[in-house]
Structure formats: structure tokens, C-alpha cells
Amino acid sequence: MHTHFFHSRFLKETSENPPFWFMRQAGRYLPEYRKVRENFPDFLSFCYHAQAAAEVTLQPITRFDMDAAILFSDILVIPDFLGRRVSFVKNEGPQLEPITDEKEVEKLELSLVLERCEPVMKTIGLIQKELPKTKALIGFAGAPWTVACYMVEGKGSKIFEATRGMSYQRPELFSTLISTLTQATIVYLKAQIQAGVTCIKLFDSWAGLATTQQFEQWVINPTQKIVSDIKKDYPHIPIIGFAKNAGAMTMRYASQTGLDAIALDASTPLDWAAQQFSNTHVMQGNLDNILLASDQNETIVQTKKIMNAWKNYPYIFNLGHGILPHTPIDNVQALCDTLRGQ
Ligand code: CP3
């Protein structure tokens, strides 16, 4: 079977010039994205417009020729599929009706997820018609802990105090919420694979807020369940996990979940990561997104450092977090050139 460059990593192949893609590679730093985005006052309507979502998924590939496209969508579609209203307010980020009691968790519409995610499946079909067969198509979902953070808090936050408070004060309620999200995530990700994605990524952006015990219970356990359920039906689909800012817990996250690849944030030491993960996992990361937005020369220096530190390991180059809206396009181009050895 033909294996493209991106997937060759999962067969443990190495090379001087790594395959690469960037978190938030489709987004506001691209004028062609802003032009399509203008037509949709409502962000989720944009995500569910199969033609528009497919178009912006492909924009960064057309411009930069990365090795993987990532489906254009959002982690907050799962609350929406479950019947919790989600809106994106300009300059304020996502807004949801916060979950406060048992009744609201019981009412979550798990049985409707499959039909409600249909627009995303249509997007995947359209992308696969256009995407060169040499490229991977990454599907994704938010991991239950991170999605629960937004559903309980009702908005973005730096500390998610209401969510973490609920997990202590009403552990059974919180547990039911996490189980429902775990089930919804499995349904949604299996549908994405059926529709044509060739790799999966789980975003646990707020994993770093969990205590050790919460991490075991709400990050590792649900992730392990999602991975094992997907692997039962689709053993050949690689799964990348991103437990941002998880620090020392990243070791247990890697060893206890069955994930194939570990995405590492910009704070992770390169030599430590290689020691911990390179025998068992594909590594992905970890250039600082703020450096990319700030300084082209230093971006190149740091990128070469990562390439040199990890050249003997099967890794996928990426940032430690998503591309920021004010990132100069020239910097992204210079980064791509460096990665190709140009
Ligand atoms: O990476 C990609 O190019 C694929 C698409 C993608 C988006 N969001 C598009 C998006 C992916 C994979 C995500 C994941 C996501 N969404 C995460 C996990 C990764 C991370 O960043 O930690 C989280 C926490 C969210 C929730 C979310 N969605 C936030 C906090 C915001 C920002 C709100 C804002 O106004 O900036 C979004 C909106 C969003 N999702 C945008 C994009 C391109 C910007 C919206 C716009 O264009 O107006």
C-alpha cells in the first residue's frame, strides 16, 4: 500500500526534513480566509457550510503545501450537537449556556449527534475530492475535559474555576457529563473516519489545569476509552493527543491512553521529550506560536534546533499552539522553507 510522507512517521520512518502542518493553519492570518469568513456573521454556520469549510481547509495547502490538512471546524460543535447553544461573540470568544444541574446533563441529546454532524461529513467528502492523495486529512474533536470546561463555564477562561469547582462539589454530575461527552466524541470521530479523514487528533487544551487525580480521571480515562473504541473499528487510523501544559503528567498520558502520537507544547524540553516518548510514540511539536508571530530570524533558528534535536526520531513538525491572527504570512512561508531545507 502506498504510504504518504505524513503517515510514514507512524511506521517509524525518520528523515532530515520532517512532515509538517500547523495548528490553526486555516485562520485569520490568511487574507483568503478572512474573505470567506466575511460571508458568515455566525462562526458555527460557517463551520457547517460544507463548501466554505472545505474551501478554507484547503487554503493553507494551496499556499504552503503542508503534508496534512486539518478539517476546518471547532471543538465546540459537540456541545452544539448535544443541544447546548454555542455562539462566538466578536472579541469575547465562545459563549454557551452554562451547565448547572443534573437535568441539563440528562437532557443532552446524545442520540442526535450522528445526524447533527452530517454537515461536517459533507465537508470531509468535499475536501477529499480536492486534496492531493499524498496529503493526510486530520479529523479532530475536543477531548471531554476541555469541552466540559467550556460547557460548565459557559465561556473561555484562564482558570475555569466553575468547572473545577463543580468537579469537586458534584463529582457524580461532572462524571455523567464527561461520560456523555466521551460517547459523543466516539460517535463523532468514527463518523469522521467513515467520511474519509486519515488521522485523528484530540485537543485537550486545558489538561494543564487538572490536578494529578483529575488528570487520571477526566483526561486519561476518557482519552483511553475514546482511543480503544476507535482502534477496535479502525486500528490503522493514527491518533494524536494534545494535553496542553500537562508537564510531568504527559508521561502517563502517553503510556496509559494508547495514543500513537503526542503533541507537545512549546514549554517541553526537546531532549527530555525524546528520552520519554521517542521509543513508543511519534512526537509532534513544538515551536512557540508567539515566536512565529514575533521574529522571523529567531523562528528559523529555533526551527533548526528542533529539526536537529529530533532528526533521528519519527516526529511531525508543528507549533506548540495555534497560529495567531496577527502572524505575518512571510514568517509562515520562511518556516515552511526552513522545514523543506530551502
Ligand atoms: O487548526 C485548524 O486550522 C482547524 C480548525 C480549528 C479551529 N479551532 C478553527 C477556529 C481547530 C482544530 C480548533 C480547535 C479549538 N477550538 C480548540 C483547541 C485548540 C486550541 O486552540 O487550544 C479550542 C480551545 C477551540 C475553541 C475556540 N474556537 C476558541 C477559544 C476560539 C477563539 C475565539 C476567537 O474569537 O478567536 C474559537 C474560534 C475559532 N476556531 C477560530 C478558528 C479559525 C477563529 C474564529 C474566526 O475566524 O472568527
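The values are calculated or read from the model by the stated rules, or taken from the named source; none is laboratory data. Note that the structure is predicted; figures quoted are calculated from it, not measured. FYI the Cβ positions are ideal-geometry reconstructions off the backbone, even for glycines, and counts take in every protein chain you see.
Kindly evaluate T123 against the criterion of being surrounded by fewer than 23 Cβ atoms within 10 Å (Cβ to Cβ) and modelled with pLDDT of 95 or more. When the stated conditions are applied, T123 does not pass them.
Report whether or not I138 is within 16 Å of the ligand (Cβ to nearest atom) and over 28 Å from G208 (Cβ atoms). Spell out the reasoning first.
On the way: within 16 Å of the ligand (Cβ to nearest atom): yes; over 28 Å from G208 (Cβ atoms): no.
When the stated conditions are applied, I138 does not pass them.
Within the stretch 201-214, not a single residue is within 16 Å of the ligand (Cβ to nearest atom) and among the β-branched types (V, I, T).
Just to verify a result, which residue in the stretch 52-97, among those that are aromatic (F, W, Y) and either more than 9 Å from the ligand (Cβ to nearest atom) or surrounded by fewer than 20 Cβ atoms within 10 Å (Cβ to Cβ) (or both), is farthest from K155 (Cα to Cα)? So that I can check it myself, show each step before the final result.
Step one: of the stretch 52-97, the residues aromatic (F, W, Y) are 64, 72, 81, 88.
Restricting the remaining residues to those that are either more than 9 Å from the ligand (Cβ to nearest atom) or surrounded by fewer than 20 Cβ atoms within 10 Å (Cβ to Cβ) (or both) gives 64, 81, 88.
Details: F64: 33, F81: 17, F88: 10 Å.
Among residues in the stretch 52-97 that are aromatic (F, W, Y) and either more than 9 Å from the ligand (Cβ to nearest atom) or surrounded by fewer than 20 Cβ atoms within 10 Å (Cβ to Cβ) (or both), the one farthest from K155 (Cα to Cα) is F64.
Take F215 and decide whether it is of a type in the set (F, W, Y), in a helix (DSSP H, G or I) and in contact with a helix residue (DSSP H, G or I) (Cβ under 7 Å, 6 or more places away or on another chain).
Considered against the rule, which asks whether it is of a type in the set (F, W, Y), in a helix (DSSP H, G or I) and in contact with a helix residue (DSSP H, G or I) (Cβ under 7 Å, 6 or more places away or on another chain), F215 comes out as yes.
If you go through the stretch 259-290 and keep only what is more than 17 Å from the chain's Cα centre (by Cα) and surrounded by fewer than 19 Cβ atoms within 10 Å (Cβ to Cβ), you end up with S267, P269, L270, D271, W272, A274, Q275, S278, N279, T280, I290.
Report yes if some residue within the stretch 2-21 is within 16 Å of the ligand (Cβ to nearest atom) and among the charged types (D, E, K, R); otherwise report no. Checking the stretch 2-21: not a single residue is within 16 Å of the ligand (Cβ to nearest atom) and among the charged types (D, E, K, R).
Kindly state which helices (runs of 4 or more DSSP H) lie completely within the stretch 101-148 and contain at least 2 residues that are under 22 Å from the mean Cα position of the chain (by Cα). Give the derivation first.
Numbers: elements: 102-106, 113-116, 118-130.
In the stretch 101-148, the matching helices (runs of 4 or more DSSP H) lie at 113-116, 118-130.
Scanning the stretch 162-194 for residues that are in contact with a strand residue (DSSP E or B) (Cβ under 8 Å, 6 or more places away or on another chain) and aliphatic (A, V, I, L, M) returns L189, I193.
If you check V227 against the conditions, is it among the hydrophobic types (A, V, I, L, M, F, W, C) and touching a residue at least 12 places away in the same chain (Cβ under 8 Å)? Yes, satisfied. The number of residues in the stretch 33-51 that are more than 10 Å from the ligand (Cβ to nearest atom) and not in a loop (DSSP other than H, G, I, E, B) comes to 4. Any residue that is at positive phi and either of a type in the set (D, E) or within 15 Å of the ligand (Cβ to nearest atom) (or both) - is there at least one of those in the stretch 239-258? Looking through the stretch 239-258, at least one residue is at positive phi and either of a type in the set (D, E) or within 15 Å of the ligand (Cβ to nearest atom) (or both).
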